[in-house]
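Following: one structure in structure tokens, then a few remarks.
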Amino acid sequence: MKKYIRNLALLVSVLSFAVTNVFAQEMIQVKGSDTLINLVQRLSESYMEENPGKFIAVTGGGSGTGIAALINGKCDIANASRLMKDKEIAQAQDGGINPKRIVVAIDGLCVITNLKNRISKLTVDEVGKIFRGEITNWKELGGDDVSITLYGRQSNSGTYEFLKDMVLKGDYSSRMRRMNGNAQIVEAVKQDISGIGYVGVGYVKEEKGLTVLNIASQAGSEYSSPLNLNDVKTGKYPITRPLNQYINGTPKGDARDFILFELSEQGQKIVEEEGFFSLPDEYREFNNKALGI
Amino acid sequence: MTNLKERIIHGIFLINGLLVVIVLLGIFGLLVFTAIPAFKEIRIGEFLFSTNWNPTSYVKPAYGIVPMLVSTFMVTLGALFIAIPLGIGTAAYLSDVANQRVREIAKPIIEILAGIPSVVIGFLGIVLVGPFISKIFGLHNGLNALNGAILLAVMALPTIISLSEDALKSVPNAYQHASLALGATHWQTLVRVKIPAALSGIIAAVMLGMGRAIGETMTVLMATGCAPAMPRGFLDSVRTMTSTIAIELGEVPYNTTHYYALFGVGLTLFIITFFVNMVSDIILHKHERLMK
Amino acid sequence: MNKKHLKEFMGFMLLRICIGIIGLILIIILYDIISKGAGKISWEFLTAMPRKGMTEGGILPAIVGTFMVTVITAILAVPLGMGCAIYLNEYVKDNKITRLIRMSIRNLSGVPSIVYGLFGVVLFVQLMHIGTCILAAGLTLGLMTLPWTITASEEALKNVPNSYRDGALALGASKWQAIRTNVLPYAVPGMLTGTILGLARAAGETAPILFTGAAFYLPFLPKSLFTQFMALPYHLYIMSTQHHAIAKVRPIAYGTALVLIVLVFTMNLSAIILRYQLRKRRME
């Protein structure tokens, strides 16, 4: 019996050594934003269909996770729904990584509420006050006398950081429930009449079960919806942002090939199908510069 | 020649044996070593006593572990509140009331329960216990400390049951015979003689179950809502030390203050579970000596 | 019935309720997972790759990943566990060193799984530069399983009668020879039992592999030890919390949960059957 086990163990260890001498598989490792993951997974599936033999692994974890992975040298492309902070860029450069940014799509960040909620529009300032925890009841905005329940993401989320920097300009209320992804926020707000949350526009594309608020940049200016293509592209909708990918240095090889696919007509069509907005010209120029075209 | 070979083999086994000690010291040492740089930037007072954990704050990064400690202890104590009566009752049943056939069915049941992976229990917390709690209490969302406490109770029960049963079984028969001879019923014997006699063993079992609950990660990560604020009650969303590490370690760049601080949390966790296990050990030894 | 006996009746009824609750808990758990997961199980589910952003297809890479990482766990934990048990039981029965070792074993088994994960990240992923891969995750799980394999192996060794050892020694065998020929062959089946139980636990663990190698989605099967991998427990975790279409993939989550517990139960069951057969053989 013992001899059998010893032989089996030897066999397994020999096999595993044999296996490890095969090349670690060549693949493009993409990590990061949950807002982007759906989109980039679809893009990579399309790309892999057209280019058999090329492998792309797309994983989530939030923009913070992707950027950390890029800094740690653990991925090729970091999906980020926010910009890298100066501190992060400095850290990357300390480690010999030179982050270059590509914009793959435009997002209009949606503030969502339950269908039964009477409120249908807010100003940017009101959104900030709500998520900072300064407004705590819907009646303060003209709605029902119900305590507001906040649904947001965790600190690894680019969407979380983006809203914090652009709208809140302060810290989130400590009472906000931290969900693990855009989809969870959608599910939660659909079921909670007191709920309010924020998600990328790609996540409300086919959702009939909630209200997407119209937002005005200031009290008195016009309200616009993130579902309106023009308003987002012209910047009239106040909470728009570029969806980015960061790479180490000027993109080369397989990664460059994939990025070119994402920016191509075919890729941008997929962007629109997934509910986001394709790139306006000024971003195309920005990308060309980053790609060295 | 053979003597030398024997000595070498003895040496190999000795090193093999000492490996566990090395691993334990290694874990402790590595945690300490990786956590220390955090305290160049964070005052220990803030770490241990501040009620605000917000390393990515817009204003000023805060590294207080009090909310996590409170969350951990809330779910643990809640779990014990459920698991202690249930566990000791079941153990008493198995050792004193059940006949052989029932015992043969019960043992596998408890082993199966013990074998269910923590991520499956956490999953059930999301799909089963959560909606149940939100319906009963009229909440919007059933992911809170109560959910975590129930799930942790399920995970701690097998440990508490089997060790308590061992403790009860190790009470010498003489105690039972003497009590019955004096006219006590079986129930009175159980409650007034056997359980008190086995008490130290039972306490050790409970502490081991408690250690298990404190250190559990996936179950609480999935089922407690993970709000980092100081919890206000059992129906509030909580975030334990284990959840915090699991959530934030993935997003943090290596070798930053935040990274080191997470190891500080891990070190705190290690120290707490180490302490609980040591106490349980000492009590168990006392029990074994008493029973001899 | 006088008061004493009434109290006894009610007391024992209370205890019966306790065990009833335990049984009920298990039934609820199994019923929920089996009823909602069984519908998803099919040959395709078990052998196909995930498709369309993991909303369709199967979980083959997770099954393969779990298998591979458990093999590495076994390679680390089994020989080292047996060796430690042999030292404790055969060489030195009780001195300061053995008491230190035993104390370390008990403490290691109480260390939280996420702390093993932290240790794995620093030691295997960073310091040893193995990176996040099957090997790093397997080694981390191996360390975590070590207390189990040691304890199980010691139990098995204790069950070998001393006469076996004495007999060999009396015939002039050296200590190692006696162990090798007269103790180990009879102890190994028992060691295997406990080892399988420990490996079943390792297969279901998520926290140690979170940061040492588990990946959200890989479009291929891992072909080397130095790549990341998908794993059943991690897959269940992300399907139920981090996927971008949670409600849509709920059935897949249930299916994954079912496959995972079937795997764990099968391992446990084979260990239990093995133990039962050994006990029977020992009675003869």
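If a residue has to be more than 10 Å from every other protein chain (Cβ to nearest Cβ) and among the β-branched types (Val, Ile, Thr) to count, how many in the stretch C:33-43 make the cut? Number satisfying all stated conditions: 2. Go through the residues of the stretch B:246-268 one by one and say whether even a single one is free of Cβ contacts under 8 Å to residues at least 24 places away in the same chain, touching an Asp or Glu at 6+ places or on another chain (Cβ under 8 Å) and on the phi < 0 side of the Ramachandran plot. Taking every residue of the stretch B:246-268 in turn, at least one turns out to be free of Cβ contacts under 8 Å to residues at least 24 places away in the same chain, touching an Asp or Glu at 6+ places or on another chain (Cβ under 8 Å) and on the phi < 0 side of the Ramachandran plot.
When the helices (runs of 4 or more DSSP H) confined to the stretch C:170-248 are screened for residues that are more than 7 Å from every other protein chain (Cβ to nearest Cβ) and at pLDDT 85 or above, those reaching at least 2 such residues are found at C:184-203, C:207-210, C:232-241. Filtering the stretch B:152-163 for residues that are under 26 Å from A:Val189 (Cα atoms), within 11 Å of chain C (Cβ to nearest Cβ) and crowded, with 19+ Cβ neighbours inside 10 Å leaves an empty set.
Here's the yes/no breakdown for (1) under 30 Å from B:Leu182 (Cα atoms); (2) touching a residue at least 24 places away in the same chain (Cβ under 8 Å); (3) touching a Pro at 6+ places or on another chain (Cβ under 7 Å); (4) not hydrophobic (A, V, I, L, M, F, W, C):
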residue: C:Gly11; (1), (2), (3), (4): yes, no, no, yes
residue: C:Cys18; (1), (2), (3), (4): yes, no, no, no
residue: C:Ser35; (1), (2), (3), (4): no, no, no, yes
residue: C:Ser42; (1), (2), (3), (4): no, no, no, yes
residue: C:Gly53; (1), (2), (3), (4): no, yes, no, yes
residue: C:Gly57; (1), (2), (3), (4): no, no, yes, yes
residue: C:Ile72; (1), (2), (3), (4): no, yes, no, no
residue: C:Ile101; (1), (2), (3), (4): no, no, no, no
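Within this structure, A:Leu291 fails the test of being in contact with a strand residue (DSSP E or B) (Cβ under 8 Å, 6 or more places away or on another chain) and at pLDDT 90 or above.
Name the single residue that is farthest from the other protein chains (Cβ to nearest Cβ) among those in the stretch B:23-53 being more than 26 Å from A:Arg178 (Cβ to Cβ) and among the small types (Gly, Ala, Ser). Result: B:Gly45.
The set of residues in the stretch C:132-169 being touching a residue at least 24 places away in the same chain (Cβ under 8 Å), outside any helix (DSSP H, G or I) and surrounded by fewer than 19 Cβ atoms within 10 Å (Cβ to Cβ) consists of C:Asn159 alone.
So for the stretch B:129-143 (the condition being under 27 Å from B:Leu69 (Cα atoms), within 11 Å of chain C (Cβ to nearest Cβ) and in contact with a Pro (Cβ under 9 Å, 6 or more places away or on another chain)), does at least one residue qualify? No, the stretch B:129-143 has no match at all. Only residues that are among the polar types (S, T, N, Q), over 30 Å from A:Asp192 (Cα atoms) and modelled with pLDDT under 90: list them for the stretch B:139-178, please. If the condition is that a residue be among the polar types (S, T, N, Q), over 30 Å from A:Asp192 (Cα atoms) and modelled with pLDDT under 90, then B:Ser170, B:Asn173, B:Gln176 are the ones that fit. Among the residues of the stretch C:84-108, those that are crowded, with 20+ Cβ neighbours inside 10 Å and over 15 Å from B:Ile22 (Cα atoms) comprise C:Ala85, C:Ile86, C:Tyr87, C:Leu88, C:Asn89, C:Glu90. Only one entry in B:Lys60, B:Lys5 is within 10 Å of another protein chain (Cβ to nearest Cβ) and outside any helix (DSSP H, G or I), namely B:Lys60.
Within the stretch C:1-32, the set of residues being more than 7 Å from chain B (Cβ to nearest Cβ) and more than 26 Å from B:Thr189 (Cα to Cα) comprises C:Leu24, C:Ile27, C:Ile28, C:Leu30, C:Tyr31. In the stretch C:110-131, of all residues being touching a residue at least 40 places away in the same chain (Cβ under 8 Å), in a helix (DSSP H, G or I) and small (Gly, Ala, Ser), the one that is nearest to the other protein chains (Cβ to nearest Cβ) corresponds to C:Ser113.
Are any of the residues in the stretch A:220-232 assigned to a loop (DSSP other than H, G, I, E, B), under 18 Å from the mean Cα position of the chain (by Cα) and in the same structural domain as A:Asn51 (by TED's automatic domain parsing)? Please lay out each step first, then the result.
Within the stretch A:220-232, the first condition is being assigned to a loop (DSSP other than H, G, I, E, B), and the residues that meet it are A:220-223, A:225-228.
With under 18 Å from the mean Cα position of the chain (by Cα) added as a condition, the list becomes A:226-227.
Among the residues that remain, those that are also in the same structural domain as A:Asn51 (by TED's automatic domain parsing) are: none.
No - not one qualifying residue is present in the stretch A:220-232.
Checked across the stretch C:47-66, the condition of being modelled with pLDDT of 90 or more, loosely packed, with under 12 Cβ neighbours inside 10 Å and of a type in the set (Val, Ile, Thr) holds for no residue. Looking across the stretch B:55-89 at every residue that is touching a Ser or Thr at 6+ places or on another chain (Cβ under 7 Å) and of a type in the set (A, V, I, L, M, F, W, C), the one that is nearest to B:Ile121 (Cα to Cα) is identified as B:Val75. Of the listed requirements (1) more than 15 Å from the chain's Cα centre (by Cα); (2) within 14 Å of chain B (Cβ to nearest Cβ); (3) surrounded by 19 or more Cβ atoms within 10 Å (Cβ to Cβ), A:Asn156 misses just one: (1).
Counting residues in the stretch A:96-104 that are more than 10 Å from every other protein chain (Cβ to nearest Cβ), of a type outside the set (A, V, I, L, M) and in a loop (DSSP other than H, G, I, E, B) gives one or more. Of the residues making up the stretch A:42-56, at least one is outside the structural domain of A:Asn156 (by TED's automatic domain parsing), closer than 28 Å to A:Val201 by Cα and part of a strand (DSSP E or B).
Criterion applied to B:Gly142, B:Gly148 was being of a type outside the set (A, V, I, L, M), outside any helix (DSSP H, G or I), under 23 Å from the mean Cα position of the chain (by Cα) and in the same structural domain as B:Arg232 (by TED's automatic domain parsing), and the one residue passing it is B:Gly142.
Output the residue which, of all residues in the stretch B:234-273 that are part of a loop (DSSP other than H, G, I, E, B) and buried (at least 22 other Cβ atoms within 10 Å of the Cβ), is farthest from the other protein chains (Cβ to nearest Cβ).
B:Thr240
Within the stretch B:172-191, residues that are more than 9 Å from chain C (Cβ to nearest Cβ) sit with their Cβ atoms under 8 Å from residues that are in a loop (DSSP other than H, G, I, E, B), at 6+ positions apart or across chains, in these pairs: B:Pro172/B:Met291. Scanning the stretch C:192-245 for residues that are in contact with a strand residue (DSSP E or B) (Cβ under 6 Å, 6 or more places away or on another chain), under 28 Å from C:Ser270 (Cα atoms) and buried (at least 24 other Cβ atoms within 10 Å of the Cβ) returns C:Ala231, C:Tyr234. Beta carbons closer than 6 Å, at least 6 apart along the sequence or on distinct chains, pair a first residue in the stretch B:137-158 that is free of Cβ contacts under 8 Å to residues at least 12 places away in the same chain with a second that is surrounded by fewer than 24 Cβ atoms within 10 Å (Cβ to Cβ) and not polar (S, T, N, Q) for B:His140/A:Asp192. Apart from one condition, C:Leu263 fits all of (1) surrounded by fewer than 23 Cβ atoms within 10 Å (Cβ to Cβ); (2) within 14 Å of chain B (Cβ to nearest Cβ); (3) without any contact (Cβ under 8 Å) to a residue 40 or more places away in the chain; the exception is (3).
The values are calculated or read from the model by the stated rules, or taken from the named source; none is laboratory data. Predicted, not measured: the structure shown is a model, and the values here were computed from it. Cβ coordinates were reconstructed from backbone atoms using ideal geometry, including for glycine residues, and neighbour counts include every protein chain displayed.
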